[in-house]
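Quick notes on the structure that follows.
Every number in this text was worked out from the coordinates using simple rules, so none of it is lab data. Values in this document were obtained by computation on a predicted structure and should not be read as measured data. Every residue, glycine as well, gets a Cβ built from its backbone with ideal geometry; the counts of neighbours run over all protein chains shown.
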Amino acid sequence: MDMGVRERIAKRAAQELIDGMVVNLGIGIPSLIPNFLPEERRIIFQAENGILGIGKSPKKGEEDAHLCNAGGYPITVVEGASYFDSATAFAMIRKGLIDVTVLGGLQVSERGDLANWMVPGKRVPGVGGAMELAQKTKKVIVVMSHVNKDGEPKIVQQCSLPLTAWRCVDLIITDMAVIEVTDEGLLLKEVMAPYDVEDVISCTAARLKMASAIKRIE
Amino acid sequence: MDMGVRERIAKRAAQELIDGMVVNLGIGIPSLIPNFLPEERRIIFQAENGILGIGKSPKKGEEDAHLCNAGGYPITVVEGASYFDSATAFAMIRKGLIDVTVLGGLQVSERGDLANWMVPGKRVPGVGGAMELAQKTKKVIVVMSHVNKDGEPKIVQQCSLPLTAWRCVDLIITDMAVIEVTDEGLLLKEVMAPYDVEDVISCTAARLKMASAIKRIE
Amino acid sequence: MTMVSNEYGKIITIEQAVEMIDDGCSLMVGGFGGIGSPPSLLQAIIDKGVQQITLICNDTAFPHIGVGPLVAQGRIKKAVVSHIGSNPIAGQLLHEGKMEVEFSPQGILIERIRAGGAGLGGILVDIGVGHEWLAKGKPTVDIDGNRYLLERPLTADISLVYAKKADPFGNLIYDKSARNTNPLVAMAGRITIAEVEEIVPLGELDPEEIVTPGIFVTYIVQSNGVDWKWIWE
Amino acid sequence: MTMVSNEYGKIITIEQAVEMIDDGCSLMVGGFGGIGSPPSLLQAIIDKGVQQITLICNDTAFPHIGVGPLVAQGRIKKAVVSHIGSNPIAGQLLHEGKMEVEFSPQGILIERIRAGGAGLGGILVDIGVGHEWLAKGKPTVDIDGNRYLLERPLTADISLVYAKKADPFGNLIYDKSARNTNPLVAMAGRITIAEVEEIVPLGELDPEEIVTPGIFVTYIVQSNGVDWKWIWE
């Protein structure tokens, strides 16, 4: 994916965040989301290393090595922010106080299972905080490319990769579509230009129900 | 017990506290101990409500309602003190970081069992923090009157009252004697005037071994 | 009074707060011997006439201090506490069968509260294992030759805490030993109401000094201050 | 340099500190992605040539940052961490069977460390129950129809933390997000060594702002500062 695509996904994900929400962003595409929030929108960003109230990225040269997000990149904080230890950060998460988390994904199944922590025999990065975020956050949004590097669908009937958490994903946003995970299965709600519904169906290895009006994102 | 006796017990207990020790004092007689410490002796007093570094009692009129020990009485703090929550206070206790605790007692058995939290059918004050302090502190000193209000011995072969903790007491200091709990049983080490060894034996309902030289406290 | 803006909608009146506290509720209250307990909220609960409360608190304080008056007026159905020794009325009600008491060792009680606030399913402890009274009915787990009691988390419908300062987001700092159980109690309620001595503007609290992050605090009320006499006064 | 008196005997040199850290030891290190990890102590451990370490840390950081170089130089026998993704050498060593890795979900790992520091026998969690990889070999406990994993506490021979300031008693304050796992790691070691940016006289830290009470800190060393380049530099 080139930067333009990553940014389109982030831009669409930003629309899911509304005033007053407490949000935890994963690393990668999710970390681009703040760039697409309107100035006046007041989101409270939490990071699992121990920050509530993350603000904009600092200007070049104004970084503080001791003020970084969970991915290790410099941040700033807003008024009303607090620092705490990471046990407290995960207490918030496990208690269900995070409204939305946006995570990357390797595979999502049609019932909302998420696989995003290892590829057996290849890469074993580890679960990090994703397992708890996926299992305990009120709304879990997965942002990812619609197919992998080999062109294989990442939205599948059943995940072949080891799971991070079961039945946890609420919304999938890819470079091709926006798909909601409902009790009745996957619901295709939006398609991103230049793709059309047929493209999405052919690149998805799970049943897709069609929303009554499928929106096209230019 | 009149005040003089309580103070004699506290004074003797104070001698057990040496420089650099971290000490938790129970309520009652133990709380009198700081009055008998030499000015230069540096003891670090901990309180389970969340203070490390308790200093002298404040002067009349200088009390702070939000700076009190676990018994609810005003204190001051020394340089290097810290405030924390009571979960952290008990983390210190359970991790075995307290060197000495001085507790009151209703009964102590000859193997060092302590009963100090209820008299069935009469009084059930509850264990408070005594169970953890008794079980986890490196050295447990019990200060109490040698006999109860009915004249019955409080040092017994086996406690008849519900226990606080088993085999926990290291030293018993009463108005009559100082008795060490050893693997071989109770060892009478000191006798407080005006009592003599015979008085102590007749007021104790457990076997007493005699130290090679029994000290007399005037 | 304060010129603080209520941008998070968390600042409410004591009247609004007690509307949420009803007969039969479970109520967790911060404080230790009454120190650090929220005086105005407790008074308002008494004034409202709330009954049959399940109280979770370090202790039952003194008859006229902290949660003591709630106990003394017979409002408590069951108390989950570490001791009741400083409130003779609690002992009397227990003796007469008018109030149930579940005793937990003090440090275990506060860990159970923390477990509730931190979303844990329970903790294993080696305090009180095999104890004729305190281990009664509790499952045990044996690991590597050691036996542990399985202690369950505590949560409550409403947690009440007392703090020195809050900002409009509910970030809290406490005052000296009045901190005691409050930071844990603040985490464990399904609704947490913080009574505070002062509400300050957003940004006035240093992020480094905040003890309870505001996410744990649902509502904030301005305290009218302590109206009881302390035991040492 | 500082005119601080060493009245508690806790202030030692980095050379004295690494004398305590030997081949085969278990080592718990504060920090998160290398941020908040003690640079001078870690460098001294490398220089001493310590091998066969059991490392407990949030993650394996980056190859040239935090605990990363210890991993990269093959000094770690087993790592208990939540992820290794930012340190490709860790993945390679795992793949080649040269380093054992025990993964714990991040929030469970830090609760296990806290349990070790708080003297608990274990915790029950509902994270990862039934998981083919992460629940493997872990006992389960069923309570009220819910299944929990029993997670064991973590302690270590030596805990290393990084703080902004210490006083001679070892009271610590941290700096912003460099606090992360440090307050928990500080509690969990049998010996805890704090590397600090500044040692201040007793009484200079406000009792209210202290995050780690000095009783948890065995020794204090003066940091020489970070000598690695951050990933964003």
Please state, as a whole number in µm²/s, the translational diffusion coefficient that the Stokes-Einstein equation yields for the stretch D:1-121 at 20 °C and 1.002 mPa s, with Rh defined as the Kirkwood radius across alpha carbon pairs.
141
For chain A, what is the percent of antiparallel DSSP beta bridges, rounded to the nearest 5?
45
Where the only charges are on Cβ atoms (+1 Lys, Arg; -1 Asp, Glu), what is the dipole of the protein assembly as shown about its Cα centre, to the nearest 20 debye?
1520
Tell me which aspartates and glutamates have Cα within less than 12 Å of residue B:139's Cα, excluding those fewer than 8 residues away on the same chain?
B:16, B:99, B:170, B:180
Once the principal axes of the Cα atoms of the stretch B:112-174 are found, what is the range along each, listed largest first in whole angstroms?
33, 23, 17
Taking the Cα centre of the stretch C:81-233 as origin and charging only Cβ (+1 Lys, Arg; -1 Asp, Glu), how large is the dipole, in debye to the nearest 20?
400
CD proxy, 222 nm, chain D: helix-only mean residue ellipticity via -39,500 (n - 2.57) per DSSP H run with n ≥ 4, per residue, nearest 500, stands at -5500 deg cm²/dmol
Work out the charge dipole of chain A with +1 on the Cβ of Lys and Arg and -1 on the Cβ of Asp and Glu about the Cα centre, then indicate which of A:97, A:119, A:73 is farthest towards its positive end.
A:119
Karplus-derived 3J(HN,Hα), 6.51/-1.76/1.60, for each residue of the stretch B:156-167, Hz, glycine and proline x
9, 5, 9, 5, 8, 8, x, 7, 8, 7, 9, 6
Would you mind checking which residues have amide H under 5 Å from residue D:191's amide H? H placed 1.01 Å from N; only 5 or more apart, or other chain.
D:158, D:159
Check every DSSP H run in chain D and write down those whose alpha carbon atoms cover 30 angstrom or more along the long axis and whose mean Kyte-Doolittle hydropathy is 0.0 or greater.
none
Could you work out how far apart the two model spin labels at residue D:142 and residue A:216 are, taking each label as a point 7 Å from the Cα in the direction of the beta carbon, and quote it in nm?
5.5
Treating cross-link reach as a plain straight distance, find the lysines whose alpha-carbon is under 30 Å from the alpha-carbon of residue D:48, omitting any fewer than eight places away in the same chain.
D:10, D:77, D:78, D:98, D:164, D:165, D:229
Kirkwood-Stokes translational diffusion coefficient of chain A, alpha-carbon pairs, 4 °C, 1.567 mPa s, µm²/s
73
Quick one: work out the % antiparallel among DSSP beta bridges in the stretch D:100-233, nearest 5.
45
Nearest 0.05, what FRET efficiency do residue C:95 and residue B:158 give at R0 = 25 Å with Cβ-Cβ as r?
0.40
Using packing as a proxy for protection, rank B:42-51, D:48-57, A:128-137 so that the peptide with the highest average count of other Cβ atoms within 10 Å comes first.
A:128-137, B:42-51, D:48-57
If the reach is capped at under 20 angstrom between alpha carbons, list the lysines near residue B:56, excluding any in the same chain fewer than eight residues apart.
B:11, C:176
Looking only at Cα atoms, what is the convex hull volume of chain D per residue, in Å³?
131
Over the protein assembly as shown, what is the percentage of antiparallel beta bridges among all DSSP beta bridges, to the nearest 5?
40
Please give me the summed charge of the neighbours of residue A:151: other residues whose Cβ is under 15 Å from its Cβ, Lys and Arg +1, Asp and Glu -1.
-2
Can you give the FRET efficiency for residue B:184 and residue D:152, using 1/(1 + (r/R0)^6), R0 = 41 Å, r = Cβ-Cβ distance, to the nearest 0.05?
0.65
Quote the Stokes-Einstein diffusion coefficient, in whole µm² s⁻¹, for the stretch C:122-207, based on the Kirkwood radius over alpha carbon pairs, a temperature of 10 °C and a viscosity of 1.306 mPa s.
102
DSSP-loop chymotrypsin sites (Phe, Trp or Tyr not before Pro) across the stretch C:58-166, with at most 15 other Cβ within 10 angstrom:
C:133
If all Cα-Cα distances of the protein assembly as shown are sorted into 10 Å bins from 0 onward, what percent lands in each bin, rounded to whole numbers?
2, 12, 21, 24, 20, 12, 6, 2, 1, 0, 0
Are there trypsin sites (Lys or Arg not before Pro) in the stretch C:170-233 that DSSP puts in a loop and that have at most 13 other Cβ atoms within 10 Å, and which ones?
C:229
For a label point 7 Å along the Cα-to-beta-carbon line of residue D:48, residues of the stretch D:156-176 with backbone N under 17 Å
D:156-162
Pairwise over distinct Cα atoms, reciprocal of the mean inverse distance: report the Kirkwood radius of the stretch A:1-125 in Å, one decimal place.
15.7
Fully extended contour minus Cα-Cα distance, from residue A:42 to residue A:199, at 0.36 nm per residue:
52.9 nm
Helix A:3-14 sits at what angle to the longest principal axis of chain A, using alpha carbons and giving 0 to 90 degrees rounded to 10?
80
Taking chain D as a Gaussian network, Cα atoms linked when under 10 Å apart, which of D:21, D:127, D:113 shows the biggest mean-square fluctuation?
D:127
Once you average over the residues of B:88-101, how many Cβ atoms of partner chains fall within 10 Å of each Cβ?
6
What is the spin-label model distance, in nm, from residue B:149 to residue C:229 if the labels are put 7 Å beyond Cα along the C-beta direction?
2.5
Of all the C-alpha pairs in the stretch A:142-183, what % are more than 11 Å from each other?
70
A correct Karplus calculation of ³J(HN,Hα) over the stretch A:45-50, with 6.51 cos²θ - 1.76 cosθ + 1.60, θ = phi - 60°, whole Hz and x for Gly and Pro, returns 8, 10, 10, 6, 7, x
Neighbour-limited loop hits for GluC sites (Glu not before Pro), the stretch C:118-227 (at most 10 other Cβ within 10 Å; DSSP other than H, G, I, E, B):
C:132
